[in-house]
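Read through the structure below, which is laid out as structure tokens, and then see the notes.
The values are calculated or read from the model by the stated rules, or taken from the named source; none is laboratory data. Since the structure is predicted, the reported quantities are computational estimates derived from the model, not experimental observations. FYI the Cβ positions are ideal-geometry reconstructions off the backbone, even for glycines, and counts take in every protein chain you see.
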Amino acid sequence: MDAISDGQTIGRRLTPRQRERRERVRAATFALLARHGGEALSMRLIAEAAGVAERTLFNIYGSKDRLFAATVRERSEETIAHAASVHGGGDGMAFFRELPARLAEKTFEAPELARALAPILIEHADLVGLPDVYERFAGGALRAMAEAGVLALEDVGLVSRLVCMRMVATILLWAKNEIADAALEAHLRLAICQIVLPYAEGKLGAQLRDEARALTRALGGGA
């Protein structure tokens, strides 16, 4: 199945009425996911909570899985875009320093929702299409760093996908209580260091090695 594309739900032009309806559907979906988890939900329950016809949901999204995928992608993309907004015309590393903070902040903004969404990122990864989002934002930062000469990198797509996989896997481990709340951001930062370090040149390589060592010491191997 194809990923939910920008043209299907996020990027297409909506009338004010359509946008307001979409926000009600999104809010209802998140509230019910946080309370019940995905397995217990039906399109009928979501439609009732959002105040729309069940047929309307099917007409827009096609299935419950695609509804989940669209709302998860929107939420994830907003968070990643926020991290990307800080690096502007810099060398790109600012994005990777900001990303763990924004992901952790969004996670703890609604922990029960985050726990419900984590398995959806894995089970419906093909629909959510997060690698495309990371290719756009992380890939852009990586290209900026390569152009600045601080990364020796040829396959930007591969590395942006690695960032995506490690961010999702780390949050999933947190959702399964394998990572403590207080340690989540540090684990996310360590993952960034481990991914970028093999390609880093000059001072950046030394900085990432020092940061990775400090994070490993702080985590103590048991967080």
>> Of everything in the range 169-179, what is at negative phi and surrounded by fewer than 18 Cβ atoms within 10 Å (Cβ to Cβ)? Give them in sequence order.
In response: ALA169, LEU172, LEU173, LYS176, GLU178
> If you check GLU178, GLU201, GLU185, which single one turns out to be charged (D, E, K, R) and under 13 Å from PHE96 (Cα atoms)?
Replying inline: GLU185
> So, in the range 73-105, of the ones that are at pLDDT below 90 and either among the aromatic types (Phe, Trp, Tyr) or out of contact with any Phe, Trp or Tyr (no Cβ under 8 Å at 6 or more places or on another chain) (or both), which residue ends up surrounded by the most Cβ atoms within 10 Å (Cβ to Cβ)?
Replying inline: GLY92
>> With the requirement that a residue be closer than 12 Å to GLU201 by Cβ and not in a helix (DSSP H, G or I), what does the range 142-169 give you?
In response: ALA148, GLY149, VAL150, LEU151, ALA152, LEU153
>> If a residue must be of a type in the set (Phe, Trp, Tyr) and over 28 Å from ALA152 (Cα atoms), how many such residues does the range 166-223 contain?
In response: 1
>> Condition check: closer than 18 Å to ARG166 by Cα and surrounded by fewer than 22 Cβ atoms within 10 Å (Cβ to Cβ). Does ALA110 satisfy that?
In response: no
>> Looking at ARG166, ARG161, ARG136, can you tell me which residue is at pLDDT 95 or above, basic (Lys, Arg) and surrounded by fewer than 18 Cβ atoms within 10 Å (Cβ to Cβ)?
In response: ARG166
> Do any residues in the range 166-188 that are touching a residue at least 60 places away in the same chain (Cβ under 8 Å) and within 15 Å of LEU219 (Cα to Cα) have Cβ atoms under 8 Å from those of residues that are of a type in the set (Asp, Glu) and loosely packed, with under 15 Cβ neighbours inside 10 Å, where the two are at least six apart or on different chains, and which pairs are they?
Replying inline: TRP174/ASP181
> Which fully enclosed helices (runs of 4 or more DSSP H) of the range 37-113 have 2 or more residues being under 24 Å from ALA169 (Cβ atoms) and free of Cβ contacts under 8 Å to residues at least 24 places away in the same chain?
Replying inline: 64-84, 93-109
> Could you count how many residues in the range 117-165 are more than 17 Å from the chain's Cα centre (by Cα), farther than 15 Å from PHE95 by Cβ and among the charged types (D, E, K, R)?
Replying inline: 2
> Can you find a residue in the range 27-39 that is among the small types (Gly, Ala, Ser), at pLDDT below 90 and over 17 Å from ILE120 (Cα atoms)?
Replying inline: no
> Within the range 42-55, is there a residue that is in contact with a Lys or Arg (Cβ under 6 Å, 6 or more places away or on another chain) and closer than 30 Å to LEU215 by Cβ?
Replying inline: no
